[in-house]
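Novice: To start, I am sharing the structure in question, which I have written as C-alpha cells.
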Amino acid sequence: MNPHIQVAIDGPAGTGKSTVAKRAAEALGYTFVDSGAMYRCVALAALRAGLSVEQADAIGGLAARVSIRLGPLADGKQPVWLDGEDATAAIRTPEVTALSSPVSAIPAVRAALTAQQRAFAEQGPVVMEGRDIQTVVLPHAEVKVYLSASPEVRAERRYRELRPGSTTVAAVAAAIRERDERDSTRANAPLKPADDAVVIDTDPLSVDEVAARVVALARAAEEARHA
Ligand code: DC
C-alpha cells in the first residue's frame, strides 16, 4: 500500500487539468504537485545557462543539480522557486513553454524529476498532475484520472488564459498540436492514460464538475483505505 493517498491527473494542455488538480487538492487538503512546473524550471535553467536543446547531457546534468521548490497554493497559484529565486512567472513565458517539451523528452531530465516527484508522494497525500504521473511516476496511485478535450475547446481555453490580442486562436491551436504530438509520441514516458484510469471528457463539463468527480474518487479511496 502507498504510504499516503496518491491522486494522479494526466492529460494534454488545455483540458483544465491544472485548475481541476488545484481545486481538488484544496478541497481534499492534499499537497498539490505541478510536475509540468518542474520541467519548465529545467527549461528555464537551460535557457539561462545558454544551453541549446541538442546539449542533452548538459541539460540532464542541470536537472540533477538545480533546486526546485514548489510552495503551498495561494490564491489558486503554486509558487515555484528555482535555486532559491521566485520563478513563478518566469517559467510561464512562451519561450520556456516551447522549450519545456523537448527538454522533457531527455531521459536524464525525466529520471531526475521523477525521483523528486516520488519523494513528494512519500511525504503526504498528493494531487499530482502532469503527463506520465499515472503511468510512470505513481503507477500504484489509488486515483488515476485522465482528462481529455477536443482540440477546438482546448485551443479556446488556452487562448483565454493568454493575453487577448497577443496571439490568435489558430496560433494557439497550432502550438498545442505540436506540443501534444511531441509529448505523446516520445519514446520515454509518452502521454497516455493508464489502463485502469478514469477517463473524463471535459468538453461538456465545468471545472467545478470535473474537480467534484476527482474529489469523490479520492474520498472513496480514503474510505476503502479505512474499511
Ligand atoms: O503541463 P505543462 O504545460 O506545464 O508542462 C510543460 C511541459 O512539460 C510539457 O510540454 C510536457 C512536459 N511534462 C512532461 O513531460 N511530464 C510531466 N509529468 C509534466 C510535464
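Novice: Could you work out the relative contact order of the chain? I mean the mean sequence separation of Cα pairs under 8 Å and 6+ apart, divided by the number of residues, in percent.
Specialist: Numbers: 368 pairs, mean separation 76.6, N = 227.
Rounded, it is 34 percent for the chain.
Novice: Round to a whole angstrom and tell me the spacing of the C-alpha centers of region 12-37 and region 66-94.
Specialist: That distance is 14 Å.
Novice: Given 0.36 nm per residue, what is the gain on full extension from GLU95 to HIS140 after removing their alpha carbon distance, in nm?
Specialist: Values: separation 45, 0.36 × 45 = 16.20 nm, distance 3.43 nm.
Between GLU95 and HIS140, full extension yields 12.8 nm more.
Novice: Once you place label points 7 Å from the Cα toward the Cβ at ALA171 and ALA108, how far apart are they in nm?
Specialist: In this crude label model, ALA171 to ALA108 measures out at 3.5 nm.
Novice: What are the semi-axes of the equivalent ellipsoid for the chain, taken as the square roots of 5 times the Cα gyration tensor eigenvalues, largest first, in whole Å? List each step's numbers first, then the result.
Specialist: Working: eigenvalues 135, 94, 53 Å².
Value: 26, 22, 16 Å, ordered largest first.
Novice: Hey, with R₀ at 41 Å, roughly what FRET efficiency would GLU161 and ARG225 work out to, going by the Cβ-Cβ distance, to 0.05?
Specialist: It comes out at approximately 0.70.
Novice: Based on the inverse mean of 1/r over its pairs of different Cα atoms, what is the Kirkwood hydrodynamic radius of region 42-89, in Å? Walk me through the numbers on the way to the answer.
Specialist: Values: mean 1/r = 0.0861 Å⁻¹.
11.6 Å is the Kirkwood radius here.
Novice: Could you list THR135, THR93 in order of exposure, starting from the residue whose Cβ has the fewest other Cβ atoms within 10 Å?
Specialist: Values: THR135 21, THR93 14.
Neighbour counts put them in this order, fewest first: THR93, THR135.
Novice: Another question about this same structure. Mind jotting down the distance between the C-alpha centroids of region 99-141 and region 157-193, whole Å?
Specialist: The distance from the Cα centre of region 157-193 to that of region 99-141 comes to 20 Å.
Novice: Local charge sum around MET1 (other residues, Cβ-Cβ under 10 Å, Lys/Arg +1, Asp/Glu -1)? The partial results should precede the final answer.
Specialist: Working: positive: ARG225; negative: GLU142.
Here the charged neighbours net out to 0.
Novice: Calculate, in nm to one decimal, what ARG213 and ALA27 gain on full extension: separation in residues at 0.36 nm each, minus their alpha carbon distance. Before the final figure, lay out each step's value.
Specialist: Numbers: separation 186, 0.36 × 186 = 66.96 nm, distance 1.16 nm.
Working it through step by step, the gained length comes to 65.8 nm.
Novice: Turning to a different aspect of this structure: Please give the length that would be gained between GLU181 and ASP203 if that part of the chain were fully extended, namely 0.36 nm times their separation in residues minus their C-alpha to C-alpha distance (nm, one decimal). Don't skip to the answer; put the middle values down first.
Specialist: On the way: separation 22, 0.36 × 22 = 7.92 nm, distance 2.01 nm.
Separation in residues times 0.36 nm, less the Cα-Cα distance, equals 5.9 nm.
Novice: Considering all alpha-carbon pairs of region 99-227, what whole percent are spaced by more than 21 angstrom?
Specialist: Numbers: 4258 of 8256 pairs.
Tail of the P(r) past 21 Å holds 52 percent of the pairs.
Any read-out appearing in this document is the output of simple, stated calculations on the displayed coordinates, not a laboratory observation. Since the model is a prediction, treat every value here as computed from it, not as a measurement. Positions of Cβ are backbone-derived with ideal geometry, glycine not excepted, and every protein chain shown enters the neighbour counts.
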